[in-house]
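Undergrad: Take this structure, written in structure tokens, and hold onto it; I'll ask about it next.
The values are calculated or read from the model by the stated rules, or taken from the named source; none is laboratory data. Please read these numbers as outputs of a predicted model, since none were measured by experiment. Cβ placement follows ideal geometry from the backbone for every residue including glycine, while neighbour counts extend to all protein chains displayed.
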Amino acid sequence: MPLRAYIEDKEIVSIDLNDEEWSALKARLKAKKTVLILPCCGQEGFLRMSSKGLKHFVHLKSANPCDWKPESAEHLKAKVAIMEACREQGWNAIPEFSEADWRADVLAVQGGKRIAFEVQWSRQTYEETRLRQERYKASNVRGCWFFRIAPKEMSDYDKTLVADKETPAFKIFKDENSNILAQVGKVQMPLKALISNLLARKLKFCEHIRSAPKQKVTIIFFEMKCWKCGTLQYCYTVEPSLKSVCNCDFDVERSSWDDHDIDKHPGVYAAVQDFLQTEEGRQLKVGLVKKRYSRTVADSYLSHGCYYCDAIFGDFHLIEEKLYAFTGVYTIIDNALMPKPIWWILRVFHHVLLSLLGLYFGSFRCEQNFSRPTAYCFLRVGNAPVSS
């Protein structure tokens, strides 16, 4: 459903006409005092208003029908939201702009910069998306995509879109009130707000997720029996969920048979030892973390061990023993990098450090590298209403 047309060689955009102008033009067309021409094919069209009040144009039946693909009301509404956001940010927004071998739903122009916004409410293959993006690139146009159902090649295991600087793409959907929303990770916002943040240069692509400078880490103590002497005692682990600087949840990738697992980090170990000196912690018998020889791997590595006989608690066998029993929360200062491309919106952070038990056991620095599957995240910018 086109939004742009020509009347007597003058370009008009349907959403720019008020009700009075719309009615007057409709009357002129009905009286055959003028002709409305659609730029996509040069053929005649007429006026139509959707049940939601959105003004648009429609092709007249012709012996040589236009190759214009039918668009849903949601598609039309998304284009209108994009145009409104572009104009509010000082960009010229041209709907259904064609050039060479491509046609954009909305082309945003500011000086020498051009961005083509594409709304895909219906399915489109990955190959078609790549081909169209290459055409934009050849014309020095930056393409940005909004998918209701994205190609599987562009999606993560949890159906979120993989962040890609060369082909920016975001998921869109309709809520119960028929509003068009965009989703990035777990954050939802009006499509118009996303476009505004993008054009205001508040949307940033990053190759890695960096963990937040300060955050809460949960140390978990669990009871277990030594495989060698049979004595009951405690061991500990760290809940792997952390926060990135852009407030995205991510899990630390655990390692085995080496010295790099977050449970064995010197700062974590020091915090555990501090807790074991408290009145609450003295009742827990926890063995030392130190180098021990493992017959399983035929080598020595930093490991947990028995408090009584110092037998090694192998990393592999501990996996099944890590039962969750929350005991304390500690502050962690972390500059770790995680190889995961993301989109995020800049903002100033205010960290409030709280303990689940009202306890504080100091801070430590962790330089561990993390990795996990690709996903998206978003943040607020100042007072911008970017979530709903």
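Undergrad: Got a sec? Which of 71, 84, 99 is of a type in the set (Asp, Glu) and over 16 Å from residue 14 (Cα atoms)? Working first, answer last.
TA: Details: 71 fails: over 16 Å from residue 14 (Cα atoms); 84 fails: over 16 Å from residue 14 (Cα atoms).
Criteria check complete, one pass: 99.
Undergrad: Among the residues of the range 289-314, write down those that are in a loop (DSSP other than H, G, I, E, B), within 24 Å of residue 267 (Cβ to Cβ), over 41 Å from the mean Cα position of the chain (by Cα) and not hydrophobic (A, V, I, L, M, F, W, C). Spell out how you get there, then give the answer.
TA: From the range 289-314, those in a loop (DSSP other than H, G, I, E, B) are 289, 295-298, 306-311, 314; that's our starting set.
With the extra rule that they be within 24 Å of residue 267 (Cβ to Cβ), the set shrinks to 289, 306-307, 310, 314.
Within this subset, residues satisfying the condition of being over 41 Å from the mean Cα position of the chain (by Cα) are 306-307, 310.
Once the filter is applied, which keeps residues that are in a loop (DSSP other than H, G, I, E, B), within 24 Å of residue 267 (Cβ to Cβ), over 41 Å from the mean Cα position of the chain (by Cα) and not hydrophobic (A, V, I, L, M, F, W, C), the range 289-314 yields 307, 310.
Undergrad: Checking residue 205 against (1) part of a strand (DSSP E or B); (2) surrounded by 17 or more Cβ atoms within 10 Å (Cβ to Cβ), only one condition comes out false. Which one?
TA: Exception for residue 205: condition (2).
Table: residues versus (1) at pLDDT below 90; (2) more than 13 Å from residue 96 (Cα to Cα); (3) in a loop (DSSP other than H, G, I, E, B).
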site: 12; (1), (2), (3): yes, no, no
site: 22; (1), (2), (3): no, yes, no
site: 29; (1), (2), (3): no, yes, no
site: 51; (1), (2), (3): yes, yes, yes
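Undergrad: Looking only at the range 63-93, which residues are closer than 17 Å to residue 5 by Cα and of a type in the set (S, T, N, Q)?
TA: 92
Undergrad: Restricting attention to the range 291-312, which residues are surrounded by 15 or more Cβ atoms within 10 Å (Cβ to Cβ) and either without any contact (Cβ under 8 Å) to a residue 60 or more places away in the chain or of a type in the set (Val, Ile, Thr) (or both)?
TA: Hits for the range 291-312 are 292, 294, 301, 302, 303, 305, 312.
Undergrad: Could you please let me know if residue 159 is part of a strand (DSSP E or B) and closer than 21 Å to residue 249 by Cα?
TA: No; evaluated as a whole, the condition is false for this residue.
Undergrad: Run residue 182 past the list (1) hydrophobic (A, V, I, L, M, F, W, C); (2) within 30 Å of residue 313 (Cβ to Cβ); (3) in contact with a Leu (Cβ under 8 Å, 6 or more places away or on another chain) and report the number of the one that doesn't hold.
TA: The failed condition is (2).
Undergrad: Let me ask you something else. Residues in the range 128-140: is at least one touching a Cys at 6+ places or on another chain (Cβ under 9 Å), surrounded by fewer than 21 Cβ atoms within 10 Å (Cβ to Cβ) and hydrophobic (A, V, I, L, M, F, W, C)? Before the answer, list the steps.
TA: Going residue by residue through the range 128-140, those that are touching a Cys at 6+ places or on another chain (Cβ under 9 Å) are none.
There is no residue in the range 128-140 that is touching a Cys at 6+ places or on another chain (Cβ under 9 Å), surrounded by fewer than 21 Cβ atoms within 10 Å (Cβ to Cβ) and hydrophobic (A, V, I, L, M, F, W, C).
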